[in-house]
Amino acid sequence: MNDAQLADRVAAVRAFNRLYTGVIGVLDEGPADAEYSLPEARVLFELAHQDPLPVTDLRKRLDLDAGYASRLLARLESRGLIVRERSDEDARRQLVRPTAAGRDAFAVLNRRSTDQIGGLLRRFADEDQQRLLAAMRTIGDLVGDRRRDPALVLRPPRPGDLGWVVERHGALYAREYGFGAPFEALVARLAADFLDNSDNPRQAFWIAELDGERVGSIGCGRGPDADTAKLRLLLLEPSARGHGVGKRLVTECVTFARAHGYRAMELSTVSILDAARSIYRAAGFELVGEKDFDDWGPKLTDETWRLEF
């Protein structure tokens with residue numbers, strides 16, 4: 001990234017910041033007519049969810065220095081909204097808890113905030129609300145503290161999921177490997193085949209979600225003969241890498257094939273997909289065939305892998 005690109009991106013972030021603060025109506029000290037400053041409201045929020053709360057923990061959560069935290073708590077205490085006390089277990093630790101008035105103040109703030117955000121969301125159709133929430137999750141994942149153990153769910157496809165699989169295959173593989181339109185067309189044909197045969201009990205398709213967001217896919221269908229299953233359309237979003245999603249998808253697919261009477265499973269991949277090939281190898285697949293081709297743009301080596309049950 002050169003200096004000009006960085007300057008453009010900085011300007012874009014600053015423009016977003018101005019837009020966002022305008023939308024939520026909050027600056028550093030909150031809206032002009034607010035009864036409580038934003039830091040005061042955040043303290044009441046934290047205390048509403050943990051009572052009592054050690055002052056040291058509160059400072060860490062809100063990223064406050066000791067002096068500012070002390071002045072902030074003193075203001076709230078003078079207004080009768082909180083009390084500070086020494087811990088019975090460790091006299092060196094100071095605890096803070098809300099008073100009845102503090103809990104009432106939080107209830108008013110919480111209701112006001114809920115109404116404001118609800119009003120904002122009602123401006124958009126359901127589909128646009130989902131896009132907004134997805135974008136917010138993306139920002140949170142990139143700039144916030146990532147969870148180490150996001151919830152992984154594998155589920156059957158819902159309406160629109162196979163279209164997403166085609167779109168994400170086309171976009172990701174074009175960006176990362178230069179695959180062209182023929183590759184995306186192949187994915188579309190495979191997805192259509194799954195949809196056309198959705199009532200076949202010996203085929204299945206899974207969508208992987210992390211914390212409710214689609215991050216991967218895989219399908220199991222009939223291969224070259226009735227005894228051989230075919231693993232297809234393994235997809236893993238970059239954001240899901242390192243969470244064991246690919247391994248879980250392949251394991252689920254293999255388990256289904258075994259349970260439905262197949263005696264072997266095959267798959268096709270290309271030699272440059274090192275991460276996927278590592279997952280297949282770990283699951284017990286062996287390379288049984290290779291063929292060079294250039295149908296998707298770059299020169300590639302098609303590989304056939306097979307697992308005997």
Most mobile of 23, 270, 165 in a GNM of the chain (Cα contacts under 10 Å): 23
Per residue Cα convex hull volume in Å³ - calculated over segment 263-309: 62 Å³
Highest-MSF residue in the chain out of 194, 16, 124 [GNM, Cα springs under 10 Å]: 16
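Considering only protein heavy atoms and a 1.4 Å probe, what is the carbon-and-sulfur percentage of the accessible area of the chain?
C and S atoms contribute 51 percent here.
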Zero-based 5 Å bins, Cα pair distances in segment 203-305, whole percents: 2, 12, 22, 23, 20, 14, 6, 1
For the chain: accessible area per residue (Å², 1.4 Å): 61 Å²
Selected from 121, 95, 195 as most flexible by GNM, with the chain as the system and alpha-carbon contacts under 10 Å: 95
Using alpha-carbon coordinates, inclination of helix 126-143 to the longest axis of the chain, degrees: 80 degrees
Cα centroid separation - segment 96-172 against segment 50-79, whole Å: 28 Å
Helical contribution to [θ] at 222 nm, DSSP H n ≥ 4, -39,500 (n - 2.57), averaged over the chain, rounded to 500: -16000 deg cm²/dmol
Cα-only radius of gyration and Dmax that characterise the chain, units Å: 26.8, 79
³J(HN,Hα), Karplus 6.51/-1.76/1.60, whole Hz, each residue of segment 249-255, x for Gly, Pro: 4, 5, 4, 4, 5, 5, 4
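What's the lysine pair count for the chain at a Cα cut-off below 25 Å, pairs eight or more apart or interchain?
Lysine pairs meeting both conditions in the chain amount to 4.
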Whole-Å distance, taken between Cα centres, linking segment 195-260 and segment 277-309: 17 Å
Normalised convex hull volume, segment 108-246, alpha-carbon set, Å³ per residue: 164 Å³
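Could you tell me the convex hull volume per residue, in Å³, taken over the Cα atoms of segment 187-246? Mind dumping the intermediate values first?
On the way: hull volume 6.2 nm³, N = 60.
It comes to 104 Å³ per residue, whole-number rounded.
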Folded to 0 to 90 degrees: helix 66-78 orientation relative to the chain principal axis, Cα: 60 degrees
Alpha-carbon gyration tensor eigenvalues x 5, square-rooted, for segment 66-160, Å: 39, 21, 13
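The values are calculated or read from the model by the stated rules, or taken from the named source; none is laboratory data. The shown structure was predicted, so the numbers you read here are calculated from the model rather than taken from an experiment. Side chains are part of the model used for accessible areas, which takes the heavy atoms of the whole protein and leaves out ligands, DNA and RNA. Shrake-Rupley method; radii C 1.70, N 1.55, O 1.52, S 1.80 Å.
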